[in-house]
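Here, each number is a calculation from the coordinates, and none is a lab measurement. Bear in mind the structure is a predicted one, so any value in this text is a computation, not a measurement. For neighbour counting, all protein chains shown are included, and Cβ atoms are generated from backbone atoms with ideal geometry for every residue, glycine included.
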Amino acid sequence: MTRNRNMKLASVAAFLAIVFIAVPAAISLSGRIDLYYTLTSVALLSIASAGVWLTFYIGRINIGQGAYALMGAYVSAILVMDHGWSFWLTLPVAGLFCAAASVLIGLPILRLRGVYFAMVTLTLTEVARLLALALPITNGAKGIVSIPLPGALSVFGLTIIPDFATLQNSRLAFYLLAVTLMVACFGVMYRLVHSRIGKLCQSLQQNEELASSIGVNIAYLRVIAYAVSSFFGGVAGAIFAAISQSIYPSSFTVTDSVNFMLNCFLGGLGYVFGPMLGTLVLYFGWDMLFQTGQFQLLIYSGLMIVLMLVLPNGLLSLTVPTRKKA
Amino acid sequence: MAEMLEVSGITKRFGGLVAVNNVSFSVREKEILSVIGPNGAGKSTLFKLISSFLRPTAGEVRLKGERISGMAPHIAARKGVVRTFQETTIFKNMSVRENVIIAHHLRSKASLVGYFLGTGTAKADEAAFGQSADEILALLGLASLANEIARNLPHGHLRALGIAIGLATNPSILLLDEPFAGMNHEETMRMVAMVRRLRDLGLTILLVEHDMPAVMKISDRIVVLNFGQKIAEGTPSEIQANEKVIEAYLGSEDEAIGL
């Protein structure tokens, strides 16, 4: 038991050392500054994917995370641009806004199961895009551009995070921000899944009727899980808008929603850290196939099919024994 | 004996079809009451009405005087009316013990946030659930299978697990949906003994069943349905002698009503 615990602590420490020290060190030594942007994207996309993973965990196929990422991005951008809010304040607000919206949307649609829920969520992303085009507040197809970089964050006069615009290397700052949030997000996910809440989610996934017969308020639990999921989507979207300093209706499309889902599939639906690994592999895999030119998509999708056939439980099933003792 | 559950004038229509028509009866505390009837008599519908999986068109179900019909199933469960399922409905990918532990949900004192943070209350809950789960598994003879993944269990044990899940909710009345279906004689007798033991431990049980010999053996009282209506109610020997019941079952073998 203690040995197991020590192992866990050691791997967490190793992971933190890699993402916070080794990666920045390696990048500054090799001078490949562009990798910061790539890895920041991976971290953010994995946060959004973690949300999708959570909806999988209650037995719902969610292809609508793009909608919440877009929503979060617009909420943050509008609050910063039109109302002069600090980016740091808009970050949780964007997440909470998405969570609240997902409660309203989720209440009716979470009654659907299987492919029906998947279809509705797929439409959701498209609806979000069309809304962003049509609403006056989002500035239509022109989007919102020249969003200022995040300012300083001070609490009681103490500056915790410096103004990004004054930094020499804002890319490193964004990388550290994204990775910190990713670590926090997966910490929350791990705790959720390994507490009784995780078991309750599993009970929904495996049999909703039985779950309700033992007194579980299934409607409530589904909405909670979906809200947490959308919160992650909104936060990831908000940071994206801050990094690219712009947001357009086409910033998050159906393709992104599908990718969020694929990240979960690829990493493994049975493993909390599946979406993180899946995002990393998928993002770099796609980039590496760039050299194959017109065959990129063909090879990519072929590989995905093969991977799903050979490893239906995801990449992590290669390393972790198929079932851990409870 | 005090009345535990009271079904009064309950009716369920599906479009033009009246599946259950103005049925009334009551279940007394610590008795085993069986509902029987030929195929299509409305047993399953009645069962779902009592467990609040269906909303009645008219009439009501009361538990210890409190109305429970027309509420959500998890509310009925909270009040103390808990059902098992006809199919082998379990949490397939959890271990047997996990199945029973999760079913202690209604006894939890900590909130979701409490569980997330791992507060003292949450930890106490977990410990209490684990202990209680072990006791239930021992009672139903599943202790040796506690760490088995539920989907690997043989048929008879699955049924027992279904009952274990029901027991974990600490119900006032346990509704069993065809507990003997698909069992051979020996398994049935073992199940009969098990259900009786639960009754002797103070549980009130209502069951819906096809297997007549088992019903005659196990029941304190029997309610007979035919075409959605109650045609008889009484002790097993009264039911066996009832003309209406014999008529309803005419065409089926005499054996079917234990003659």
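Worth pointing out:
- Over segment A:33-318, relative contact order from alpha-carbon pairs under 8 Å, at least 6 apart, %: 36
- Each Lys or Arg adds one and each Asp or Glu subtracts one; over the other residues with Cβ under 11 Å from the Cβ of A:Lys199, this totals -1.
- Under the span-like rule (Cα at least 18 Å along the axis, Kyte-Doolittle mean at least 0.0), DSSP H helices of chain B: B:120-139, B:155-168
- Aspartates and glutamates whose Cα lies under 19 Å from that of B:Lys48, excluding same-chain neighbours fewer than 8 positions away: A:Glu208, A:Glu209, B:Glu6, B:Glu60, B:Glu66, B:Glu87, B:Asp177, B:Glu178, B:Glu209
- At full extension, B:Glu243 and B:Ala181 could sit 19.7 nm farther apart than now, given 0.36 nm per residue minus the alpha carbon distance.
- Computed from backbone phi with θ = phi - 60° and the Karplus coefficients 6.51, -1.76 and 1.60, the 3J(HN,Hα) list for segment A:278-284 is x, 4, 4, 5, 5, 5, 6 Hz; x is used for glycine and proline.
- In this calculation the C-beta distance from B:Glu29 to A:Leu318 is compared with R0 = 51 Å, giving a FRET efficiency of 0.35.
- Prolate/oblate/rounded label for chain A (Cα gyration tensor, a/c 1.5): rounded
- Overall form of segment A:196-309 per C-alpha gyration tensor (a/c, 1.5; a/b vs b/c): oblate
- For B:Gly234, the shell of other residues with beta-carbons less than 12 Å away shows a net charge of 0, using +1 for Lys and Arg and -1 for Asp and Glu.
- Legend: distances between Cα atoms for B:Lys64/B:Lys217; B:Lys30/B:Lys64; B:Lys217/B:Lys244; B:Lys30/B:Lys79; A:Lys199/B:Lys123; B:Lys64/B:Lys230; pairs beyond 19 Å are B:Lys64/B:Lys217; B:Lys217/B:Lys244; B:Lys64/B:Lys230.
- For the protein assembly as shown, a/c is not less than 1.5, where a ≥ b ≥ c are the root eigenvalues of the C-alpha gyration tensor, and a/b tops b/c. That puts it in the prolate class.
- Theoretical FRET efficiency, 1/(1+(r/R0)^6), r = Cβ-Cβ of B:Ala72 and A:Leu104, R0 30 Å, to 0.05: 0.90
- Chain B: most fluctuating residue of B:His157, B:His104, B:His185 per GNM, C-alpha cutoff 10 Å: B:His185
- Whole-Hz couplings from phi, Karplus 6.51/-1.76/1.60, listed for segment A:105-115; x for Gly and Pro: 6, x, 3, x, 7, 6, 6, 6, 10, x, 5
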